[in-house]
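Since the structure comes first, as structure tokens, the remarks are kept for the end.
The numbers here are math on the coordinates, done by the rules we state, and not lab data. Keep in mind the model is a prediction, meaning the values are calculated, not measured. Every residue, glycine as well, gets a Cβ built from its backbone with ideal geometry; the counts of neighbours run over all protein chains shown.
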Amino acid sequence: MPAIYTTEWYEAVREAINASVAGIKGVPEGAWTCRVEIIGDSASPYVQGGAERHFLVRIESGLCSWYREVDPGDEAMVLDYRFRGPAAVFDAIAAGIDDPIDAALRGAVKVRGDMRFLMRQADLVKTLLDAYATAVDTTWPRGRPPYEGSTGGSPAGDTGGNGGGSRSGGDTGGNGSGSRSGGDIGGNGGGSRSGGDTGGGNA
């Protein structure tokens, strides 16, 4: 069983996504790149407080081509989506403790990208997220969430399946693949706002 945020874990998630997508009909053509930015919050033992870990995920025709960690300062890749939030929240989502939609709606995870596309491809998105959430048995060598000081704790070395996912909501913005528009998801009270920012460049 791969440890969370290791190369083996990325590969296991990629394989789980592709195995799940193989059974979907009408998968859209095209490709998009997502960046996940995990912010150290002094609660998660996997990202030091004040530090960040960034990951890039490439989806082509519904399949995950690659999933890898990159330097936080590397902004060379043109993005379609950007997900950003505290490490303890991302850990809890991966462990199946926090619901990703709720995390986005309450503003714990900020997302920038074309929300209208995600809504149109709800079945594909759900399949991708469910594969990430439940298909990989993940090892937590430094302890499994919830953590002390956040919503609880667990002894170091705890092991368990992911059971969570990564749903999205957040600012929308254009990118190199065409015109994008939509609204923010997240913020106070767990509601949603329409008519958010749009613009060119990376998400």
For SER65, SER20, order by how many other beta-carbon atoms lie within 10 Å, fewest first: SER65, SER20
Label point distance in nm, GLU75-THR7, each placed 7 Å from Cα along Cα→Cβ: 2.9
In whole angstrom, note down how far apart the Cα centers of the range 1-65 and the range 127-144 are. 10
Along the principal axes of its C-alpha atoms, what lengths does the range 1-105 span, in descending order and rounded to whole Å? 43, 32, 30
Determine the gain in length on full extension of the stretch ALA135-TRP66; use 0.36 nm per residue of separation and subtract their C-alpha separation, reporting nm with one decimal. 23.1 nm
May I ask you to order 100-109, 74-83 by the average number of other C-beta atoms within 10 Å around their residues, highest value first? 100-109, 74-83
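How would PHE90, PHE55 line up from fewest to most surrounding beta-carbon atoms within 10 angstrom?
Details: PHE90 32, PHE55 18.
So the residues, fewest neighbours to most, are PHE55, PHE90.
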